[in-house]
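Here is the structure we will look at.
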Amino acid sequence: MKRKLSIGLMLLLCSFGVFAQSSKQRELMDDAQEAKAAFIAEDSEMAEFFENSVGYVIFPNVGKGAYIVGGASGNGVVYKDGEMIGMADLKQVDVGLQIGGKAFREVLFFQTEEALSNFKEGNFELSGNASAVVLEEGLAKTVKFKDGVAVVTMPKAGAMIEISVGGQKFGYEAFQQ
């Protein structure tokens, strides 16, 4: 009986460490789950990417604004084998003919353990030539991995005209156990 109680207490403390996040982080986790459901609702084939990828990071709310020079930022949740393992942030800078603002969701899928490990090192970048699939029904078939990473975005709101070049930089912070 004592052993069962001790094991139960240890499990409770371990799970508390993972879920003892700030209210802002818990809200982001909820938003990430809603974004995942929205990606799958838009194209049911997206479920295969979530199920079969080694890991993924969901940025449920990315905001972008531009007037010649543009920038975007957002926060996300990182998953490995379907389990939350940490938080991430996204920063983007681009230059070109652009004006306006928009909000979108973005998910990065990691095809290999190596690609996920590179992301977790905290200095991961996507160059301007990385292509993202803008998800519309039936387009999941066009998602391709490049260097073990696939990027899918989904518009939320706003209007923007742009012909620009830039890149995205990501940060990662593991959950404290």
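Can you work out which of the residues in the range 24-38 that are hydrophobic (A, V, I, L, M, F, W, C) and more than 12 Å from the chain's Cα centre (by Cα) is surrounded by the most Cβ atoms within 10 Å (Cβ to Cβ)? Lay out the reasoning, then the answer.
Let us first name the residues in the range 24-38 that are hydrophobic (A, V, I, L, M, F, W, C), namely 28-29, 32, 35, 37-38.
Keeping just the survivors that are more than 12 Å from the chain's Cα centre (by Cα) gives 37-38.
Numbers: Ala37: 10, Ala38: 15.
So, considering only residues that are hydrophobic (A, V, I, L, M, F, W, C) and more than 12 Å from the chain's Cα centre (by Cα), the one surrounded by the most Cβ atoms within 10 Å (Cβ to Cβ) is Ala38.
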Quiz item: Out of all the residues in the range 90-101, which are within 30 Å of Phe175 (Cα to Cα), buried (at least 16 other Cβ atoms within 10 Å of the Cβ) and not hydrophobic (A, V, I, L, M, F, W, C)?
Solution: Gln92
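Does Ser44 satisfy being at pLDDT below 95 and assigned to a loop (DSSP other than H, G, I, E, B)? Working first, answer last.
Working: at pLDDT below 95: yes; assigned to a loop (DSSP other than H, G, I, E, B): yes.
Yes: the conditions hold for Ser44.
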Quiz item: Out of (1) modelled with pLDDT of 90 or more; (2) assigned to a strand (DSSP E or B); (3) open to solvent by 70 Å² or more (accessible area, probe 1.4 Å), what's the single condition that is false for Glu114?
Solution: (2)
Self-check item: Contacts under 7 angstrom Cβ, first residue in the range 61-80 being open to solvent by less than 30 Å² (accessible area, probe 1.4 Å), partner not in a strand (DSSP E or B), 6 or more apart
Solution: Gly76/Ala32; Val77/Leu28; Val77/Met29; Val77/Ala32
Quiz item: What pairs come up if the first residue lies in the range 106-127 and is closer than 24 Å to Gly63 by Cβ, the second is open to solvent by 70 Å² or more (accessible area, probe 1.4 Å) and part of a strand (DSSP E or B), and their beta carbons are under 7 Å apart, counting only those six or more places apart or on different chains?
Solution: Glu125/Lys169
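The values are calculated or read from the model by the stated rules, or taken from the named source; none is laboratory data. Only a predicted model underlies this, so the values are computations on that prediction, with no experimental measurement involved. So basically every Cβ, Gly included, is an ideal-geometry build from the backbone, and we count neighbours across all protein chains shown. Quick note on the areas: whole protein, heavy atoms, side chains included, nothing else; ligands and nucleic acids left out. Shrake-Rupley method; radii C 1.70, N 1.55, O 1.52, S 1.80 Å.
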